[in-house]
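Novice: One structure coming up, written as structure tokens, with questions to follow.
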Amino acid sequence: MDLKEVDILGDAIGEHWYYRSKAKAVQHLLGQGPIGTILDVGAGSGFFSRHLLAHGGAVEAWCVDTSYAQDSDAEESGKPLHFRRALERVDAQLVLLMDVLEHVDDDVGLLRNCIDQVPRGCRFLITVPAFKFLWSGHDVFLEHRRRYTLPALESVVATAGLQVKCGTYYFGAIFPLAATVRLLKGNRGPARSELVRHHRVTNSLLAAVCEAERHVMRLNRLAGLSVFCVAEKC
């Protein structure tokens, strides 16, 4: 989760339909096997690493973000969790880049730098926001440079030197509604976060819709609010 939005949800982040559904989608794409050590680049609050330490079979996580005030160490479910300001080599089995590539001018360069820090066989799970026409003040607030299509993200991943294993869109079930609202509002709104706390009924309904979609998400190469890609360093 981006540190610029931490105060909006606070400790309730795990209850928000978007983050809850996205964390489960990550687990779904990674499968049931052991995860090992995570290198979480641009980790922000470390929400996804914490989730995988608690529920997904990870044993340790290194969260890297230049926004941290200082290096620190913690625990999640009794497992080591490290927060670092600078990217260094880690003997990781999984690299997470959760909505990170859209923040930098040179997305291929950043990805190559990450590849250099991990051993062969390491998996990468990457997410980015989808479709340029969905651009809004939320993107401006979060200092995004771009949005992606699935083919565009897969091209970046392959150009950086990774082997693409799986690519898909997610949040496709709510895409028509979200796209309609965005087109009606236009993309010239103020630079502010659109993340809000929802009533528990709304949260439950949206989470249920995403839960149903998750089981078939690998088939969706058509449209969604987020683009997912799983790749491997060969």
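The values are calculated or read from the model by the stated rules, or taken from the named source; none is laboratory data. All values derive from a computational prediction rather than experimental measurement. Here the Cβ positions follow ideal geometry from the backbone for every residue, glycine too, while neighbour counts run over all protein chains shown. Side chains included, ligands, DNA and RNA excluded: accessible areas come from the protein's heavy atoms. Shrake-Rupley method; radii C 1.70, N 1.55, O 1.52, S 1.80 Å.
Novice: For every other residue with a beta carbon closer than 15 angstrom to the beta carbon of CYS210, add +1 if it is Lys or Arg and -1 if Asp or Glu, then tell me the sum.
Specialist: Local charge sum for CYS210: +2.
Novice: Next question, about the same structure. Starting from the Cα of LYS185, draw a straight line to each of the lysines and keep only those under 29 Å, dropping any in the same chain fewer than 8 residues away.
Specialist: The qualifying lysines are LYS4, LYS22, LYS132.
Novice: Quick check: the angle from helix 200-214's long axis to the longest principal axis of the chain, C-alpha only, nearest 10 degrees?
Specialist: So the inclination is approximately 70 degrees.
Novice: Sticking with this one: Hey, what did the chain get for relative contact order, percent, Cα under 8 Å, at least 6 apart?
Specialist: Relative contact order of the chain: 22 percent.
Novice: Take the Cα pairs of the stretch 22-69, get the Kirkwood Rh, then feed it into Stokes-Einstein at 20 °C and 1.002 mPa s and tell me D in µm²/s.
Specialist: The estimated diffusion coefficient comes to 196 µm²/s.
Novice: Testing the spin-label approximation: label points 7 Å from Cα along Cα→Cβ at ALA178 and VAL164. State their distance in nm.
Specialist: Once both label points are built, they end up 2.0 nm from each other.
Novice: Run the quick spin-label model on HIS199 and LYS185: label points 7 Å from Cα toward the beta carbon, then report their separation in nm to one decimal.
Specialist: About 1.9 nm separates the two model spin labels.
Novice: If you don't mind, another one. Which percent of the accessible area of the chain is formed by carbon and sulfur heavy atoms (probe 1.4 angstrom)?
Specialist: 53
Novice: Right, something else. What's the longest bit of the chain with no exposed trypsin sites (Lys or Arg not before Pro), using DSSP loop states and at most 15 other Cβ atoms within 10 Å as the test?
Specialist: Answer from the scan: 1-84.
Novice: Looking at TRP17, GLY172, VAL128, which one has the Cα that reaches farthest to the positive end of the dipole of the chain (charges on Cβ: Lys, Arg +1; Asp, Glu -1)?
Specialist: So the residue we want is GLY172.
Novice: Can you give me the long-range amide H partners of VAL95? Hydrogens built in the peptide plane at 1.01 Å from N, cutoff under 5 Å, separation of 5 or more residues or another chain.
Specialist: Here LEU39, ARG123, PHE124, LEU125 satisfy the definition.
Novice: Could you give the size of the charge dipole of the stretch 101-190 about its Cα centre, using +1 on the Cβ of each K and R and -1 on the Cβ of each D and E, expressed in debye and rounded to the nearest 20?
Specialist: In total the dipole reaches around 260 debye.
Novice: Right, next: Once fully extended, how much extra length lies between THR66 and ASP91, figured as 0.36 nm per residue of separation less the alpha-carbon to alpha-carbon distance?
Specialist: Length difference between fully extended and current span is 7.0 nm.
Novice: Accessible area per residue of the chain at 1.4 Å probe, in Å²?
Specialist: 48
Novice: Separation of the stretch 103-173 and the stretch 34-55 by C-alpha centroid, Å?
Specialist: Between the Cα centre of the stretch 103-173 and that of the stretch 34-55, the gap is 17 Å.
Novice: Using only Cα positions of the stretch 1-140, each an equal point scatterer, no hydration layer, compute I(q)/I(0) via Debye at q = 0.15, 0.18, 0.19, 0.20 Å⁻¹ and quote the log10 values to two decimals.
Specialist: -0.74, -1.10, -1.24, -1.38
Novice: Which GluC sites (Glu not before Pro) in the stretch 15-93 sit in a loop by DSSP (not H, G, I, E or B) and have at most 14 other Cβ atoms within 10 Å of their own Cβ?
Specialist: The qualifying sites are GLU88.
Novice: In debye, nearest 20: dipole of the chain around its Cα centre with unit charges on the Cβ of K, R (+) and D, E (-)?
Specialist: 820
Novice: Can I ask one more? Between the helical axis of 107-116 and the dominant principal axis of the chain, each derived from Cα atoms, what acute angle in degrees is found, rounded to the nearest 10?
Specialist: Between helix and principal axis, roughly 30 degrees.
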